[in-house]
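In what follows, a single structure is set out as structure tokens and then discussed.
The values are calculated or read from the model by the stated rules, or taken from the named source; none is laboratory data. Keep in mind that this is a model prediction, so the values were computed, not measured. Here the Cβ positions follow ideal geometry from the backbone for every residue, glycine too, while neighbour counts run over all protein chains shown. Areas reflect the complete protein model, heavy atoms only, side chains present, ligands, DNA and RNA absent. Shrake-Rupley method; radii C 1.70, N 1.55, O 1.52, S 1.80 Å.
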Amino acid sequence: MELDTGAAVSIISREKYGNDLQHIPLQPTDVILKTYTGEALAPVGVINVAVKLNNQSARLPLYVVISDAPPLFGREWLRSIKLNWQDIKTVKYGVADTIETVLKRHSSVFGKELGTMDGIEAKIRLKPDHTPKFYQPRIVPYAIRPKVEAELTRLTEMGVISPIQYSEWATPVVPVIKKDGSVRLCGDFKVTLNPAICVDHYPLPRIEDLFASLAGGQLFSKLDLSNAYLQMPVAQESRKLLTISTQKGLFCYNRLPFGIAPAPALFQKAMDSKHSLLSRRHTDNRMR
């Protein structure tokens, strides 16, 4: 069962009751429960079950509901069955749980390939009075030209950019040398696209809010989303707007690039929507 101190009673689904506990008579009940979102939920009945944990035993009510929620161990049972809270809240690090084991178990998260947000696309909306702007590529120092060409090749092979022959828009790129000596290509969109974009307004988290959410914490981890913006695909109709002019020709972005005005809001909104979806899946049908 899943321990849920937010649940007033302990519950199982009707399907679970039919598969494993139908030999126990189902008794009627007039108890009305409420889901996490406040919706009324009437159990189809209640059964009295023998509960054993370590050296404790008790006969306790278990409510049967029409739901696909996991079996919940609620507060009513906690009054009779005492748990070792220190053991529950302790994160154990076993011999088997080495860094290599964790990375292998979650290889899809820690893989080196570029991730993709499912079901989300970035769309660029232009102002009605916009005028397309086309800039020729800027001169790149000879010392870093091979690195710039290598980066263009890498991005093309990853599907981040695609070569095109024609576009009304073209933004010059600015190569930025990273700490490891490689090059990051940034489009100078402030001279082309940004003034013509209808910028999406979405609240970005404040540093004060972030620190407040960490209050009381003792151990912290930092996770870096590799090529974060590039994990968001760009809608087909918006890709030619994100054309860059380079020494190797024109390329359009298939993924959300750094440097366009709405990128922070688009990405934050996508992150919050994914977080909300996971939260809803986790808390759906929880009992008060």
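Got a number for residues in segment 226-249 being assigned to a loop (DSSP other than H, G, I, E, B) and in contact (Cβ under 8 Å) with a residue 60 or more places away in the chain? Reasoning before the result, please.
Quick first cut of segment 226-249, residues assigned to a loop (DSSP other than H, G, I, E, B) only: 226-228, 232, 235, 247-248.
Imposing the further condition that a residue be in contact (Cβ under 8 Å) with a residue 60 or more places away in the chain reduces the set to 226-227, 232, 235, 247-248.
Residues that pass the stated criteria total 6.
With the requirement that a residue be in contact (Cβ under 8 Å) with a residue 24 or more places away in the chain and loosely packed, with under 13 Cβ neighbours inside 10 Å, what does segment 7-30 give you? Spell out how you get there, then give the answer.
Just the residues of segment 7-30 that are in contact (Cβ under 8 Å) with a residue 24 or more places away in the chain, to begin with: 7-17, 21, 24, 26, 29.
Once the filter is applied, which keeps residues that are in contact (Cβ under 8 Å) with a residue 24 or more places away in the chain and loosely packed, with under 13 Cβ neighbours inside 10 Å, segment 7-30 yields only E15.
Table: residues versus (1) out of contact with any strand residue (DSSP E or B) (no Cβ under 9 Å at 6 or more places or on another chain); (2) closer than 19 Å to I124 by Cα.
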| site | (1), (2) |
| --- | --- |
| T171 | no, yes |
| S182 | yes, no |
| V191 | no, yes |
| I197 | no, yes |
| P205 | yes, no |
| F220 | yes, no |
| G249 | no, no |
| Y253 | no, yes |
| L256 | no, yes |
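Are there any pairs with C-beta distances below 6 angstrom linking a residue in segment 143-161 that is under 12 Å from V183 (Cα atoms) to a residue that is of a type in the set (D, E, K, R) and open to solvent by 80 Å² or more (accessible area, probe 1.4 Å), with the two at least 6 apart or on different chains, and if so which?
L152/K248
For the subset of segment 65-82 comprising residues that are assigned to a loop (DSSP other than H, G, I, E, B) and within 16 Å of I32 (Cα to Cα), which member is least open to solvent (accessible area, probe 1.4 Å)? So that I can check it myself, show each step before the final result.
First, pick out the residues of segment 65-82 that are assigned to a loop (DSSP other than H, G, I, E, B): 66-71, 74, 79-82.
Right, trim to within 16 Å of I32 (Cα to Cα) and you get 66-67, 74.
Details: I66: 100, S67: 28, G74: 0 Å².
Among residues in segment 65-82 that are assigned to a loop (DSSP other than H, G, I, E, B) and within 16 Å of I32 (Cα to Cα), the one least open to solvent (accessible area, probe 1.4 Å) is G74.
Filter segment 131-154 for residues that are surrounded by 10 or more Cβ atoms within 10 Å (Cβ to Cβ) and either of a type in the set (S, T, N, Q) or over 34 Å from the mean Cα position of the chain (by Cα) (or both) and give the result. Explain how you work it out, then say what you get.
Pass one, segment 131-154, residues surrounded by 10 or more Cβ atoms within 10 Å (Cβ to Cβ): 132-135, 137-138, 140, 144-154.
Of everything in segment 131-154, those that are surrounded by 10 or more Cβ atoms within 10 Å (Cβ to Cβ) and either of a type in the set (S, T, N, Q) or over 34 Å from the mean Cα position of the chain (by Cα) (or both) turn out to be P132, K133, F134, Y135, P137, R138, V140, I144, R145, P146, T153.
I need the full set of residues from segment 183-205 which are modelled with pLDDT of 85 or more and either open to solvent by 90 Å² or more (accessible area, probe 1.4 Å) or not hydrophobic (A, V, I, L, M, F, W, C) (or both), in order please.
R184, G187, D188, K190, T192, N194, P195 - these are the residues of segment 183-205 that are modelled with pLDDT of 85 or more and either open to solvent by 90 Å² or more (accessible area, probe 1.4 Å) or not hydrophobic (A, V, I, L, M, F, W, C) (or both).
A quick yes/no check of all residues on (1) under 23 Å from P132 (Cα atoms); (2) aliphatic (A, V, I, L, M); (3) touching a helix residue (DSSP H, G or I) at 6+ places or on another chain (Cβ under 7 Å):
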site	(1), (2), (3)
I197	yes, yes, no
L204	no, yes, yes
A215	no, yes, no
F220	no, no, no
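Looking at segment 31-48, which of its residues are touching a Pro at 6+ places or on another chain (Cβ under 8 Å) and open to solvent by less than 30 Å² (accessible area, probe 1.4 Å)? Before the answer, list the steps.
From segment 31-48, those touching a Pro at 6+ places or on another chain (Cβ under 8 Å) are 31, 33, 45-48; that's our starting set.
Listed by number, the residues that qualify are L33, G45, V46, I47.
Which ones in segment 214-227 are surrounded by 10 or more Cβ atoms within 10 Å (Cβ to Cβ) and hydroxyl-bearing (S, T, Y)?
Result: S226, single match.
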